[in-house]
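The values are calculated or read from the model by the stated rules, or taken from the named source; none is laboratory data. What you see is a predicted model; the values in this text were computed from it and never measured. Cβ atoms come from the backbone with ideal geometry, glycine included; neighbour counts cover every protein chain shown.
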Amino acid sequence: MKASASKKATSLHLLNFKSLPIRTFWITSIAFFLCFFSWFGIVPFMPYVVKDLGLTPDQKWNSIILAVSGTVFARLLIGKLCDKYGPRLVYTWLLICGAIPVILIGLSQTPMQFLICRFLVGFIGASFVITQVHTSIMFAPNIVGTANATSAGWGNLGGGANRLGMPIIASIVISFGIAEQDVWRYAMIIAGSVCFLMGLVYYFYTQDTPEGNYKDLRAKGVLPQTKKDQVGFTEVLKDYRVWILFMVYAASFGIELTVYGTMDDYLQNTFQLDRITAGNIVLSFALMNIFARTLGGAIGDKFGKLKGLRGRVVFLAIILAIEGLMLSSFSQINTLSVAIAFLIAFSLSVQMAEGATFSVVPFINKKAIGSISGIVGAGGNVGAFLAAMLLKSKSAAAEKVAILANQNAAEEAIQLAQATASSTAVSSGYALIGILTVITAVFSLAIKFSTEQEKESSSIQNPSIELMAYK
């Protein structure tokens, strides 16, 4: 963009609602929250879905994999669309169109319909990319890491808040005389309807940049009109740094998604916890998004101020390595209190790594933030897919062996053997994933920046996040 960046916010005054960047920050964060709330909204109701639709264990696992698979394609596409049409229009259409499969989940009558809808609902996970693009455009380089991390963390919170929100919606639905086994259908229809309405809010109350919308800026000659003046997608694909960040996000957000989706069963099988207690522990893990991502982005900005762009990369490598060590350590512990301590440490470090990743992304190529954000964001879902496939294969194989070995035993004995086998298999899977994450951290140090990029970055001071009213 040729326009000056002077209208970009240089601080995060969260209560300055007169500021366009701050209003955009809140609206995009809320939209992201609603998308993730709807994306994982069915999770608390899976026991009802399994019973109602007659899902097999394989179909249940496949639904988890499909839910993160659809997002890969959407994120790759959505970033390029943001560069072309602007985040305002792209987010509007994603919310409106994404609401349809969310609603259709509630109307599913067969396992196949349910699986198709879960795949399509995954597309709204691309909301993350648009949120990062929009905050990257609205905030100056000195604070962009903090802004990106905070909006992402608060939006990602929707993936955990549904464990509280969906039961509340269910209780309201039941109060109207709806049968308990049908509440999951109404809850998803309500969630989809709210996403649709949020699409209208996004269209009418945001704009693409501090200077105006893409369409108007192109008419004024501020934005490039021809492909010759734009950064091609092929050029982005050739940048090795983009693919390193792709792997980094696979090893951070991808692992968080998979651990979040499998931790309930692991805690129950390993520590003999009831479903409610295990769910509350996992919910606490998700709620750390309130501050953990922000912390990673803010420290990334601080390292950027002290050591330049190289400092951001070094911090990213350090926190990613800590994440891997914490997960591997957690997998080897059989004492609940100690395991929870390591789980907290893992949760903190993995979310900080996510924030640190997007304190680096905006500096790779400022003319293709959307495309780069899309590719890196897709890495998260590729990581989730691969990790889920690894855990599924190890767990399924171990459970089948346990069932065959105890086929003449009582039902309770078979279930205990199956749970023990699953726990051991998932534990070894977590350990392997942790080791691969540490290796990825070492690779991330290969990210380099030009002298010109370092000089440009060092010329801007770093104000802190302020939670008081703007004066």
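Structural remarks
- Here segment 394-428 is the region considered, the condition is being surrounded by fewer than 14 Cβ atoms within 10 Å (Cβ to Cβ) and small (Gly, Ala, Ser), and the residue that is nearest to the chain's Cα centre (by Cα) is Ala397.
- Considering residues of segment 198-230 that are in a helix (DSSP H, G or I) and of a type in the set (Lys, Arg) only, the residue modelled with the highest pLDDT: Lys215
- Residues of segment 234-281 satisfying the condition of being crowded, with 22+ Cβ neighbours inside 10 Å and not in a helix (DSSP H, G or I): Ala251, Ser252
- The single condition among (1) in contact (Cβ under 8 Å) with a residue 60 or more places away in the chain; (2) out of contact with any Asp or Glu (no Cβ under 8 Å at 6 or more places or on another chain); (3) surrounded by fewer than 19 Cβ atoms within 10 Å (Cβ to Cβ) that Trp39 does not meet is (3).
- Residues that are over 19 Å from Ile319 (Cβ atoms) and among the small types (Gly, Ala, Ser), drawn from segment 346-372: Ala368, Gly370, Ser371
- Listed by first and then second residue, the pairs linking a residue in segment 73-86 that is at pLDDT below 90 to a residue that is surrounded by fewer than 20 Cβ atoms within 10 Å (Cβ to Cβ) and part of a loop (DSSP other than H, G, I, E, B), with Cβ atoms under 9 Å apart and 6 or more places separating them unless they lie on different chains, are Asp83/Gln230; Asp83/Val231; Lys84/Gln230.
- Test for Leu316: is it on the phi < 0 side of the Ramachandran plot and at pLDDT 95 or above: yes
- Annotation note: Cβ proximity below 8 Å between a residue of segment 408-423 that is farther than 16 Å from Ala397 by Cβ and a residue that is among the aromatic types (Phe, Trp, Tyr) (sequence gap 6+ or interchain) occurs for no pair.
- Scan of segment 136-157 for residues that are of a type in the set (A, V, I, L, M) and either within 20 Å of Lys366 (Cα to Cα) or buried (at least 24 other Cβ atoms within 10 Å of the Cβ) (or both), ordered by number: Ile137, Met138, Ala140, Ile143, Val144, Ala147, Ala149, Ala152
- Of all the numbered requirements in (1) within 19 Å of the chain's Cα centre (by Cα); (2) farther than 30 Å from Lys305 by Cα; (3) of a type outside the set (Asp, Glu), Ser136 misses one, and that requirement is (2).
- Residues of segment 15-40 that are outside any helix (DSSP H, G or I) and under 14 Å from the mean Cα position of the chain (by Cα): Phe40 alone.
- Just one of the listed residues (Gly54, Gly86) is at positive phi, surrounded by 22 or more Cβ atoms within 10 Å (Cβ to Cβ) and of a type outside the set (Ser, Thr, Tyr), and it is Gly86.
- Residues in segment 263-283 include at least one that is hydroxyl-bearing (Ser, Thr, Tyr), closer than 26 Å to Gln415 by Cβ and in contact with a Ser or Thr (Cβ under 9 Å, 6 or more places away or on another chain).
- Failed condition for Gly160, given (1) in a helix (DSSP H, G or I); (2) surrounded by fewer than 20 Cβ atoms within 10 Å (Cβ to Cβ): (2)
- Gly324 being under 26 Å from Ser427 (Cβ atoms) and either buried (at least 24 other Cβ atoms within 10 Å of the Cβ) or not polar (S, T, N, Q) (or both): yes
Residue by residue, here is whether (1) farther than 27 Å from Leu287 by Cα; (2) in contact with a Ser or Thr (Cβ under 8 Å, 6 or more places away or on another chain); (3) charged (D, E, K, R) holds:
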position: Arg23; (1), (2), (3): no, yes, yes
position: Phe45; (1), (2), (3): no, no, no
position: Val50; (1), (2), (3): no, no, no
position: Gly98; (1), (2), (3): no, yes, no
position: Ile105; (1), (2), (3): no, no, no
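- Filtering segment 12-36 to residues that are without any contact (Cβ under 8 Å) to a residue 24 or more places away in the chain and touching a helix residue (DSSP H, G or I) at 6+ places or on another chain (Cβ under 8 Å) leaves only Phe17.
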